[in-house]
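This report concerns only the one structure given below.
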Amino acid sequence: MAEWQLLRALRGGPGTRSLSLTAKGLHRLPRDLGKMKNLEELSLRNNKLHCLPQEIEALSRLKVLNLGNNNFEEVPEQLQYLESLQKLHLFANKITRISPLVFDGLQNLVFLNLNNNQLNCLPPEIHRLGNLECLSVDNNRLECIPKELCYLQKLHELHLSNNSIIALPEEIRYLTRLKVLILSRNQINNLPDGLCKLKRLRILDVAGNNIQIFPAEIEELELEELYCEGNPLFQKNPVSAVQEEDILTLKEVTARFIFTQLENKNCYLQTAIKQNLEVQKLLSHKQECVHCGCGFLGMWLECVQFVDVKQRMKTSRNLQLLPVRALLCSYKCFNRRDHGLFGIAVP
């Protein structure tokens, strides 16, 4: 049946641009497929394919290829020669690995669907897909995502639901065009501060993870939808301070003095710091107290503030107040009861 359809398409002349061989029970493809030089769309989904013939490399004008619901155990390396390919569907296969070679020629790929496979990781070479706009790897076995993925400057949508991801790389801040981030049903404990740098992010779904508190700058995102049900979020329960005075290390005292002097435009100190790279690196870890605004280095109190976000975005149905991380520089600031913060722990 497939051969008959292919012959009919070939008789249609060299101008044939679309061919569907969906659900034909195919175990292999006819070699004559390589003769269809002008083919732009090819659907091979719902078959029993586990490899592609070498002749497919001749389809230099192919833009859309659907290999969904077959028996591929790895992404076929022949795909690297399809330089015009824009959309690639590989969902519902048995894929456990991706050869880095695949990414060499797919410079025009904008959409990649790898849902419902058995991937444990994505190769760092994925950053070569410089024009990729949508990546979907739902329902796999990913435990992490490579930081190199965060260098996909044109990525608009990233779907990673139902995996085993524990943490996100801080480099996620580089996905500056990201609008949709789906991370539901993973094992994420904390969201990186870099997530709050994604100024174009509109939809964030982190439902069904292990998150207790959100990054401090989450309010700065102009989210339209936020889903976080199924997380052990902190509840609004007051915690009293166990002491009233701080015992700071000499390093911390010195750092706080330097931060104060820099705020006061101490030019001598500014000049000295510019000549000492080690001190610059140390001071780059500066934090600011959300209450008094003073700078500090490593001695702080972790607190939580509860923010009502339901008025300005669509959220999980049962979400009333969003717990957001806040840092205070001292017990003096913590014991001021006019800041609406609640204690969590002392580092």
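Taken together, the values in this text are just the output of simple stated rules run on the coordinates, not laboratory data. Predicted model, so just to flag it, every value in this text is computed and none were measured. A quick note on method: Cβ atoms are made from the backbone with ideal geometry, for glycine too, and the neighbour counts reach across all protein chains shown.
Structure notes:
- Label reach from LEU262 (point 7 Å along Cα→C-beta): in the range 283-323, amide nitrogens under 14 Å belong to 283-289, 294-298.
- The range 37-146: equivalent-ellipsoid semi-axes (sqrt of 5 x gyration tensor eigenvalues, Cα, Å): 20, 16, 12
- In a reduced charge model with +1 at each Lys and Arg Cβ and -1 at each Asp and Glu Cβ, the range 123-190 shows a dipole moment near 120 debye about its Cα centre.
- Largest to smallest principal axis extent of the C-alpha atoms in the range 36-96, angstrom: 29, 17, 17
- Label-point separation in nm, LYS94 to GLU217, each point 7 Å along Cα→Cβ: 4.7 nm
- Measuring against 29 Å, Cα to Cα, the residue pairs LYS24/LYS179; LYS147/LYS199; LYS37/LYS147; LYS87/LYS179; LYS48/LYS179; LYS197/LYS310 contain LYS24/LYS179; LYS37/LYS147; LYS48/LYS179 as the ones spanning a longer distance.
- Assuming charge only on the beta carbon of Lys and Arg (+1) and of Asp and Glu (-1), the dipole of the chain about its Cα centre is about 960 debye to the nearest 20.
- Local net charge near LEU44, Cβ-Cβ under 13 Å (Lys/Arg +1, Asp/Glu -1): +3
- Table column - 3J(HN,Hα) (Hz), the range 87-100, Karplus curve with 6.51, -1.76, 1.60, x for Gly and Pro: 10, 10, 9, 10, 5, 6, 10, 10, 6, 10, 8, 10, 5, x
- Farthest positive-ward along the chain dipole, Cα basis, beta-carbon charges - from LEU341, LEU250, ASN140: ASN140
- Span-rule helices in the chain, defined as complete DSSP H runs reaching 15 Å or more along the axis (Cα) with Kyte mean at least 0.0: 250-263
- Calculated diffusion of the chain, Stokes-Einstein form, Kirkwood radius summed over Cα pairs, 4 °C and 1.567 mPa s, µm²/s: 55 µm²/s
- Estimated dipole of the range 43-98 in Debye, rounded to 20 [Cβ of Lys and Arg +1, of Asp and Glu -1, Cα centre]: 300 debye
- For q = 0.18, 0.21, 0.23 Å⁻¹, Debye-computed log10 I/I(0) when each Cα of the range 144-200 counts as one equal scatterer: -0.55, -0.76, -0.92
- Top positive-direction residue, dipole computed over the chain with Cβ charges, set LEU33, PHE259, VAL110: LEU33
- Applying D = kT/(6 pi eta Rh) to the range 189-239, where Rh is the Kirkwood radius over alpha-carbon pairs, T corresponds to 20 °C and eta to 1.002 mPa s, the Stokes-Einstein value obtained is 182 µm²/s.
- Rough spin-label spacing in nm, given labels placed 7 Å along Cα→Cβ, for THR254 and CYS144: 3.3 nm
- Calculated mean residue ellipticity, 222 nm, the chain: -3500 deg cm²/dmol, from DSSP H runs (n ≥ 4) at -39500 (n - 2.57) each, averaged per residue and rounded to 500.
- Length available on full extension from LYS286 to GLU55: 0.36 nm per residue minus the Cα-Cα distance, which gives 77.3 nm.
- Computed label-point distance, nm, for sites LYS35 and SER84 using a 7 Å Cα→Cβ extension: 1.9 nm
- Where the Cα pairs of the range 248-313 fall when distances are cut into 10 Å bins, in %: 17, 44, 21, 11, 6
- Within the chain, the longest run free of GluC sites (Glu not before Pro) that sit in a DSSP loop with at most 12 other Cβ atoms within 10 Å is 1-221.
- Top positive-direction residue, dipole computed over the chain with Cβ charges, set THR16, SER164, ALA326: THR16
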